[in-house]
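This report refers to the structure that appears directly beneath it.
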Amino acid sequence: MAYSFPEEVLEHVFSFLSSDRDRNAVSLVCKSWYDIERWCRRRIFVGNCYAVSPEIVIRRFPELRAVEMKGKPHFADFNLVPEGWGAYAYPWIAAMEEAYPFLEEIKLKRMVVTDESLELISKSYKSFKVLVLTSCEGFTTDGLASIAANCRHLRELDLRESEVEDLSGHWLSHFPDSCTSLVSLNMSCLGSEVSFCALERLVARSPNLRTLRLNRAVPLERLANLIRRAPQLVELGTGAYSAEIRSDTFSNLADAFSACKQLKALSGFWDVVPSYLPAMYSVCSGITSLNLSYAAIPSSDLVKLISQCQNLQRLWVLDYIEDSGLDALAASCKDLQELRVFPSDPFGAEPNVSLTEQGLVSVSEGCPKLESVLYFCRQMSNAALIAIAKNRPNFIRFRLCIIDPQAPDYLTLEPLDAGFGAIVEKCKELRRLSMTGLLTDRVFKYIGSHAKKLEMLSIAFAGDSDLGLHHVLSGCDSLRKLEIRDCPFGDKALLANAAKLETMRSLWMSSCSVSFGACKLLAQKMPRLNVEVIDERGPPDSRPEGCSVERAYVYRTVASRQRLDMPDFVWTHDEDSSLRYS
Amino acid sequence: METSVATELRLGLPGRDESEAKITSVSNKRSSSEMDDSCDPQQESVAPAQKAQVVGWPPVRSYRKNILQKKAESSSDGSAMFVKVSMDGAPYLRKIDLKFYMNYLDLLKALQNMFKCTIGVYSEREGYDGSEFAPTYEDKDGDWMLVGDVPWEMFVTSCKRMRIMKGSEARGLGCL
């Protein structure tokens, strides 16, 4: 039967589908829908750059305008992935240069990006608009200079938390006078001072600027002038927030802030002098997001600031806030959705602040919309976790880090199984969980039985045996990412759940009990899984097969399992000789 | 339970015993599996003598660590900044290295510990009003100033010595 719907009509219908999942579903309906869809897809998201190759992507989607990609696994953030492992952006950038002359957006996370790549981006795409590099590394301010100089229609340059080799602040002066299109500039991770004149002129000629995140080197005395030139700002990251206490500096700053009627998000605040915080009070009632995680501010000053921000939805703060500050937060900020409390002294043996599990309990009681938490503390109890779970069954993300990795319930000295069990049982929409503390296989049984919507799980120093891992792999239906370190999990659970691994994006296991023999077997059984053995002690076959590997990174892929950029400490299955790892 | 631990004689750093015991127990479990002990360096990596040796723990990103480790850096550049600290009523003076502290919060906590007093919270208007003691310092010009008025870095470079003033004298200084 002839298909009567013209292509253009279907294309038009598909253009309303923005979610990748919907588009993927549409492309499975029939061959002609697959074809129409692939020609009109404009944005893709690749969660693991090694799950697919540039050639495959380009072949399937010939008309992309926006590419978003992630590289290294999450534990790379904590130095668990050795330098040189991979996640290079260059091969992708080079391949896309020819294929996508109209590319507008590139967003990369945890990838190695070189100056060469940045220069290539800046010269290849006539309508390039958006560059977001989150937690990337490998480039210098010279690469930024290329982007500034050559991307005529640049809208966003966001260097979130990337590690940039800072040669000088001169890169900013490369933005030509004709560049007036900036909407978002985030340079907060850079160290060097940029030319303040160049910065002021850039801000002044960017009428659409909504987000400006300065770096620490921009002094407080310069902030007022910058803000004055951009009263339309929605997100502001200050530089260093300290200066000699002078009433003219203060009133200048306060005036400038009061002109910013649209300000919703504040961040920065290095080296805070608390006396200058009241300069911001005029904007506080509109603030929905506050990042004070670099600010050493005593609890009392924090409370004064936070109690002005009644519409606060997101707060990132250091543990200087203490339990008392969190009580105040719970009382003032009823719209709070996300809270992150970072440790001010993570390596100290003794607590330096009075922040305990009680603070989290208060917030869970007082803030009905709280759904996402990252909390560092030094003690926890099952009772507290059970109370938190009862108070807040709407948690979507729950990440708890107790500084001492195997700390038991400090009241009863029991494992924290019951507490985390309550969390997964009550919070039926939980998508992400990180656990610490003394935990046995029992907690994994609870997770396997209850955490049906869990997509990402992080485990450290927990469990007793393979049974723990087995519970998770066999029970968590929605699991996509599993990262494990220093747990006694090994071969049995892994091999018994081999098929499960293909339904996930990736599994990371370091300092566990996975043997090289099991890795080989897994790779043989599952041709679409890449089983990377990452071991800096030399070839795995120079040790007995039962020996544990340092790290195993297992991910599904449709690309070759022998990636060309593998360093000498990574081993994968050799396709040519199925019994030999090369 | 707490008192018996405190009176126990032991060699080694305080506060670490419990966690050490736990970490060793994890590696014991591992050695009970079929694996060959001798080739398993995991035991070394999992049973550190000190917490600081565990790679990537606690899971704090390095750029956050750097901000907070300013303390360690400033003392490693060699120069210290020792100033005398006197407290009204105390029989002898103490000396502290200002470069050891990162901010006023750290300094005041240390002083409170050292002299077993409560200094309280600084406010621009009231000084340390409400508390029994006020920390003051002599600056380069020879004037006695209230601690907390100027940015930290400025204070560190201009402070010649400190005096923790008591009672009514302190309040007098606060309302100048």
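The values are calculated or read from the model by the stated rules, or taken from the named source; none is laboratory data. Treat the numbers as computed from the prediction; the structure is a model and nothing was measured. Here Cβ is always computed from backbone atoms with ideal geometry, including for glycine, and neighbour counts include all displayed protein chains.
Can you tell me which of A:Ile396, A:Ile423, A:Ile402, A:Ile459 is aliphatic (A, V, I, L, M) and in contact with a Gly (Cβ under 8 Å, 6 or more places away or on another chain)?
Values: A:Ile396 fails: in contact with a Gly (Cβ under 8 Å, 6 or more places away or on another chain); A:Ile423 fails: in contact with a Gly (Cβ under 8 Å, 6 or more places away or on another chain); A:Ile459 fails: in contact with a Gly (Cβ under 8 Å, 6 or more places away or on another chain).
Answer to the selection: A:Ile402.
Within segment A:78-101, identify whether any single residue is within 22 Å of A:Ser192 (Cα to Cα), free of Cβ contacts under 8 Å to residues at least 40 places away in the same chain, away from chain B (no Cβ under 14 Å) and not in a strand (DSSP E or B), and answer yes or no.
As a first pass, look at segment A:78-101 and keep what is within 22 Å of A:Ser192 (Cα to Cα): none.
Checked segment A:78-101: no residue is within 22 Å of A:Ser192 (Cα to Cα), free of Cβ contacts under 8 Å to residues at least 40 places away in the same chain, away from chain B (no Cβ under 14 Å) and not in a strand (DSSP E or B).
So which of B:Met114, B:Met81 ends up being more than 12 Å from chain A (Cβ to nearest Cβ) and touching a residue at least 60 places away in the same chain (Cβ under 8 Å)? Show your work before the answer.
Numbers: B:Met114 fails: touching a residue at least 60 places away in the same chain (Cβ under 8 Å).
Answer to the selection: B:Met81.
Of everything in segment A:188-216 that's within 14 Å of another protein chain (Cβ to nearest Cβ) and hydrophobic (A, V, I, L, M, F, W, C), which residue is surrounded by the most Cβ atoms within 10 Å (Cβ to Cβ)?
A:Leu190
Kindly indicate the residue of segment A:328-358 that is assigned to a strand (DSSP E or B) and among the charged types (D, E, K, R) and also nearest to the other protein chains (Cβ to nearest Cβ) among those meeting that condition. Walk me through how you get there before you give the answer.
Start the filter on segment A:328-358 by keeping residues that are assigned to a strand (DSSP E or B), which leaves A:338-342.
After this cut, where a residue has to be among the charged types (D, E, K, R) as well, the list is A:338, A:340.
Values: A:Glu338: 17, A:Arg340: 11 Å.
Among those residues, the one meeting the criterion is A:Arg340.
State yes or no: is A:Phe14 within 26 Å of A:Val533 (Cα to Cα) and surrounded by 12 or more Cβ atoms within 10 Å (Cβ to Cβ)? Don't jump to the end; show me each part of the working.
On the way: within 26 Å of A:Val533 (Cα to Cα): no; surrounded by 12 or more Cβ atoms within 10 Å (Cβ to Cβ): yes.
Judged against the criteria, A:Phe14 is not a match.
Would you mind telling me which numbered condition in (1) over 20 Å from A:Phe269 (Cα atoms); (2) surrounded by 22 or more Cβ atoms within 10 Å (Cβ to Cβ) A:Cys179 fails?
(2) is the only condition that A:Cys179 fails.
Within segment A:233-244, does at least one residue satisfy the condition of being aliphatic (A, V, I, L, M), more than 14 Å from chain B (Cβ to nearest Cβ) and buried (at least 21 other Cβ atoms within 10 Å of the Cβ)?
Yes, that holds for at least one residue.
Taking segment A:158-176, which residues are surrounded by 21 or more Cβ atoms within 10 Å (Cβ to Cβ), farther than 17 Å from A:Glu200 by Cβ and not β-branched (Val, Ile, Thr)?
A:Leu159, A:Ser162
Go through A:Gly468, A:Gly463, A:Gly517, A:Gly475 for me and flag whichever is over 26 Å from A:Glu338 (Cα atoms) and at pLDDT below 95.
A:Gly517
Would you mind finding the one in A:Glu322, A:Glu350 that is of a type in the set (Asp, Glu), within 26 Å of the chain's Cα centre (by Cα) and farther than 24 Å from A:Ser188 by Cβ?
So the residue among A:Glu322, A:Glu350 that is of a type in the set (Asp, Glu), within 26 Å of the chain's Cα centre (by Cα) and farther than 24 Å from A:Ser188 by Cβ is A:Glu322.
Quickly run through segment A:17-43 and pick out the residues that are closer than 19 Å to A:Leu64 by Cβ and loosely packed, with under 11 Cβ neighbours inside 10 Å.
Residues satisfying the conditions are A:Ser18, A:Ser19, A:Arg21.
Would you mention how many residues in segment A:531-551 are touching a residue at least 12 places away in the same chain (Cβ under 8 Å) and either farther than 22 Å from A:Pro73 by Cβ or within 10 Å of chain B (Cβ to nearest Cβ) (or both)? Walk me through it before giving the result.
Taking segment A:531-551 first, the residues touching a residue at least 12 places away in the same chain (Cβ under 8 Å) are A:531-537, A:539-541, A:543, A:545-551.
This time we only want the ones that are either farther than 22 Å from A:Pro73 by Cβ or within 10 Å of chain B (Cβ to nearest Cβ) (or both), so: A:537, A:539, A:541, A:543, A:545-550.
Qualifying residue count for the region: 10.
State whether one or more residues within segment A:409-427 are of a type outside the set (Phe, Trp, Tyr), within 11 Å of chain B (Cβ to nearest Cβ) and either within 26 Å of A:Trp316 (Cβ to Cβ) or surrounded by fewer than 19 Cβ atoms within 10 Å (Cβ to Cβ) (or both).
Yes, there is a match, as at least one residue in segment A:409-427 is of a type outside the set (Phe, Trp, Tyr), within 11 Å of chain B (Cβ to nearest Cβ) and either within 26 Å of A:Trp316 (Cβ to Cβ) or surrounded by fewer than 19 Cβ atoms within 10 Å (Cβ to Cβ) (or both).
Could you list all residues from segment A:165-190 that are in contact with a helix residue (DSSP H, G or I) (Cβ under 9 Å, 6 or more places away or on another chain) and of a type in the set (Gly, Ala, Ser)?
Once the filter is applied, which keeps residues that are in contact with a helix residue (DSSP H, G or I) (Cβ under 9 Å, 6 or more places away or on another chain) and of a type in the set (Gly, Ala, Ser), segment A:165-190 yields A:Ser168, A:Gly169, A:Ser173.
Here's a check for you: in segment A:380-408, which residue that is away from every other protein chain (no Cβ under 14 Å), closer than 17 Å to A:Glu455 by Cα and crowded, with 21+ Cβ neighbours inside 10 Å is farthest from the chain's Cα centre (by Cα)?
Only one residue tops the list, namely A:Phe395.
For segment A:531-545, name all the residues that are crowded, with 18+ Cβ neighbours inside 10 Å and farther than 15 Å from A:Asn497 by Cα. Lay out the reasoning, then the answer.
Taking segment A:531-545 and keeping what is crowded, with 18+ Cβ neighbours inside 10 Å, we get A:531-535, A:540, A:543.
Answer for segment A:531-545, where residues must be crowded, with 18+ Cβ neighbours inside 10 Å and farther than 15 Å from A:Asn497 by Cα: A:Glu532, A:Val533, A:Ile534, A:Asp535, A:Pro540, A:Arg543.
Can you pull out the residues in segment A:359-379 that are of a type in the set (A, V, I, L, M, F, W, C) and within 14 Å of chain B (Cβ to nearest Cβ)?
Initially, segment A:359-379 is screened for residues of a type in the set (A, V, I, L, M, F, W, C), giving A:360-361, A:363, A:367, A:370, A:373-374, A:376-377.
Once the filter is applied, which keeps residues that are of a type in the set (A, V, I, L, M, F, W, C) and within 14 Å of chain B (Cβ to nearest Cβ), segment A:359-379 yields A:Leu374, A:Phe376, A:Cys377.
Given the conditions (1) at pLDDT below 95; (2) more than 28 Å from the chain's Cα centre (by Cα); (3) charged (D, E, K, R), report the number of the one that A:Asp271 does not fulfil.
(2)
Within segment A:84-116, take every residue that is crowded, with 21+ Cβ neighbours inside 10 Å and of a type in the set (Val, Ile, Thr) and give me the one that is nearest to A:Pro73 (Cα to Cα).
In this case the residue turns out to be A:Val112.
Would you be able to tell me the number of residues in segment A:245-278 that are within 15 Å of B:Asp149 (Cβ to Cβ) and surrounded by fewer than 17 Cβ atoms within 10 Å (Cβ to Cβ)?
Qualifying residue count for the region: 3.
For segment A:511-530, which residues satisfy the criterion of being more than 14 Å from chain B (Cβ to nearest Cβ), in a loop (DSSP other than H, G, I, E, B) and touching a strand residue (DSSP E or B) at 6+ places or on another chain (Cβ under 6 Å)?
A:Arg528
Of everything in segment B:142-163 that's over 18 Å from A:Ile245 (Cα atoms) and charged (D, E, K, R), which residue is nearest to the other protein chains (Cβ to nearest Cβ)?
Taking segment B:142-163 and keeping what is over 18 Å from A:Ile245 (Cα atoms), we get B:142, B:160-163.
Going one step further and asking which of them are charged (D, E, K, R), we end up with B:160-161, B:163.
Working: B:Lys160: 19, B:Arg161: 22, B:Arg163: 22 Å.
Of everything passing the filter in segment B:142-163, B:Lys160 is nearest to the other protein chains (Cβ to nearest Cβ).
For (1) aromatic (Phe, Trp, Tyr); (2) modelled with pLDDT of 95 or more; (3) not in a helix (DSSP H, G or I), each residue gets a yes or a no:
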position: A:Phe257; (1), (2), (3): yes, yes, no
position: A:Tyr294; (1), (2), (3): yes, no, yes
position: A:Ile297; (1), (2), (3): no, no, yes
position: A:Trp316; (1), (2), (3): yes, yes, yes
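Would you check if B:Ala72 is within 14 Å of chain A (Cβ to nearest Cβ) and either modelled with pLDDT of 85 or more or over 19 Å from B:Phe133 (Cβ atoms) (or both)?
Numbers: within 14 Å of chain A (Cβ to nearest Cβ): yes; either modelled with pLDDT of 85 or more or over 19 Å from B:Phe133 (Cβ atoms) (or both): yes.
The answer is yes for B:Ala72.
Please pick out the residue among A:Ser124, A:Ser146 that is surrounded by fewer than 18 Cβ atoms within 10 Å (Cβ to Cβ), small (Gly, Ala, Ser) and under 30 Å from A:Pro207 (Cβ atoms).
Working: A:Ser146 fails: surrounded by fewer than 18 Cβ atoms within 10 Å (Cβ to Cβ).
Checking each option against the conditions leaves just A:Ser124.
Only residues that are part of a loop (DSSP other than H, G, I, E, B), of a type in the set (A, V, I, L, M) and touching an Asp or Glu at 6+ places or on another chain (Cβ under 8 Å): list them for segment A:531-565, please.
Residues of segment A:531-565 part of a loop (DSSP other than H, G, I, E, B): A:535-539, A:543-547, A:549-550, A:557-565.
Imposing the further condition that a residue be of a type in the set (A, V, I, L, M) reduces the set to A:549, A:558-559, A:564.
Selection gives A:Val549 alone.
Just a yes or no: is a residue in segment A:62-77 farther than 23 Å from A:Ser184 by Cα, over 25 Å from the mean Cα position of the chain (by Cα) and without any contact (Cβ under 8 Å) to a residue 40 or more places away in the chain? Full working, then the answer.
We begin by selecting, within segment A:62-77, every residue farther than 23 Å from A:Ser184 by Cα; these are A:62-63, A:71-77.
Subset that is over 25 Å from the mean Cα position of the chain (by Cα): A:62-63.
Checking which are without any contact (Cβ under 8 Å) to a residue 40 or more places away in the chain leaves us with A:62-63.
Yes; the residues of segment A:62-77 include at least one that is farther than 23 Å from A:Ser184 by Cα, over 25 Å from the mean Cα position of the chain (by Cα) and without any contact (Cβ under 8 Å) to a residue 40 or more places away in the chain.
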